[in-house]
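Enquirer: Let me begin by handing over the structure; questions about it come next.
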Amino acid sequence: MKKAFKSLKELSFENTLSETLKELGITRNALAVEAKVRPATINEIESGEAKQVNFETLESIIEALNRIAEEKDLNVTYNVENVFQHKESADQ
């Protein structure tokens with residue numbers, strides 16, 4: 001029997017990408033273009049519905065966020081926590 005993958009939301013991951021996009025003043029689509037990632041992937045991550053995230057994809061997203069920040073002369077460095085964070089669930 002094939003194991004069903006749980007989404008980021010179901011695994012107690014919290015979306016922080018929405019806040020990061022607002023901070024940068026960019027859209028999900030603009031990030032997808034800059035990161036060379038499918039817009040659906042960005043949407044799935046942001047909504048918490050992604051069931052898996054490839055490390056290469058995550059790296060592309062973070063690098064794109066940092067390039068955009070640099071172009072906007074922002075003195076900030078983005079990392080994985082600016083995409084999503086793991087939160088402690090109540091049952092742990």
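Enquirer: Mind telling me which of Val37, Val76, Val53 comes out most flexible in a GNM of the chain, alpha-carbon contacts under 10 Å?
Expert: Largest GNM mean-square fluctuation: Val76.
Enquirer: For the chain, with all protein chains present and a 1.4 Å probe, just round the carbon and sulfur fraction of the accessible area to a whole percent.
Expert: 48 percent
Enquirer: Please give every one of the aspartates and glutamates within straight-line cross-link reach of Lys72, meaning a C-alpha to C-alpha distance under 17 Å, and leave out same-chain neighbours fewer than 8 residues apart.
Expert: Partners within reach: Glu19, Glu23, Glu34, Glu63.
Enquirer: Now for a different question. Which residue, chosen from Thr57, Leu17, Ile68, occupies the Cα position most advanced towards the positive end of the dipole of the chain, where the dipole is computed from +1 (Lys, Arg) and -1 (Asp, Glu) charges on Cβ about the Cα centre?
Expert: Projecting each Cα onto the dipole axis, the largest value belongs to Thr57.
Enquirer: So what is the accessible area of the stretch 17-92 per residue, in Å², with the probe set to 1.4 Å?
Expert: 66 Å²
Enquirer: Gln52 to Gln85: extension gain in nm, 0.36 nm per residue of separation minus the Cα-Cα distance?
Expert: Length gained, Gln52 through Gln85: 10.5 nm.
Enquirer: Explain nothing, just the number: dipole magnitude of the chain about its Cα centre with +1 on each Lys and Arg Cβ and -1 on each Asp and Glu Cβ, in debye rounded to the nearest 20.
Expert: Here the size comes out at about 480 debye.
Enquirer: Do any GluC sites (Glu not before Pro) in the stretch 1-78 lie in a loop, going by DSSP, with at most 15 other beta-carbon atoms within 10 Å of their beta carbon, and if so which?
Expert: In loop regions of the stretch 1-78 (DSSP not H, G, I, E or B), the sparsely surrounded GluC sites (Glu not before Pro) are Glu10, Glu49.
Enquirer: Most mobile of Thr41, Thr57, Thr27 per a Gaussian network model of the chain (Cα springs, under 10 Å)?
Expert: In this elastic network of the chain, the residue with the biggest mean-square fluctuation among Thr41, Thr57, Thr27 is Thr27.
Enquirer: Using label points projected 7 Å from each Cα along Cα→Cβ, tell me how many nm separate Asp73 and Glu14, to one decimal.
Expert: 3.3 nm
Enquirer: Sticking with this structure for a sec: So if a site counts as exposed when it's one of the trypsin sites (Lys or Arg not before Pro), its DSSP state isn't H, G, I, E or B, and it has at most 15 other Cβ atoms within 10 Å, what's the longest stretch of the chain without one?
Expert: Between exposed loop sites, the widest span is 10-35.
Enquirer: If you take the C-alpha gyration tensor of the stretch 2-92, multiply each eigenvalue by 5 and take the square root, what semi-axes do you get, largest first, in whole Å?
Expert: With the √(5λ) rule applied to the stretch 2-92, the semi-axes are 24, 15, 10 Å.
Enquirer: Based solely on its DSSP helices, what 222 nm [θ] is calculated for the chain when runs of n ≥ 4 H residues each add -39,500 (n - 2.57) and the sum is averaged over all residues, nearest 500 deg cm²/dmol?
Expert: -13500 deg cm²/dmol
Enquirer: Report the residue, chosen from Ala50, Ala32, Ala40, that carries the largest GNM mean-square fluctuation when the chain is represented by alpha-carbon nodes joined by springs under 10 Å.
Expert: Evaluated over the chain, the most mobile residue of the options is Ala40.
Enquirer: Where does the charge balance sit around Glu46 when Lys and Arg score +1, Asp and Glu -1, over other residues with C-beta under 12 Å from its C-beta?
Expert: -1
The values are calculated or read from the model by the stated rules, or taken from the named source; none is laboratory data. The model shown is predicted, which means the values in this text are computed figures rather than measured ones. Positions of Cβ are generated from backbone atoms using ideal geometry, with glycine treated the same way; all protein chains shown enter the neighbour counts. Each accessible area value is taken on the protein alone, full model and side chains, heavy atoms only, with ligands, DNA and RNA left out. Shrake-Rupley method; radii C 1.70, N 1.55, O 1.52, S 1.80 Å.
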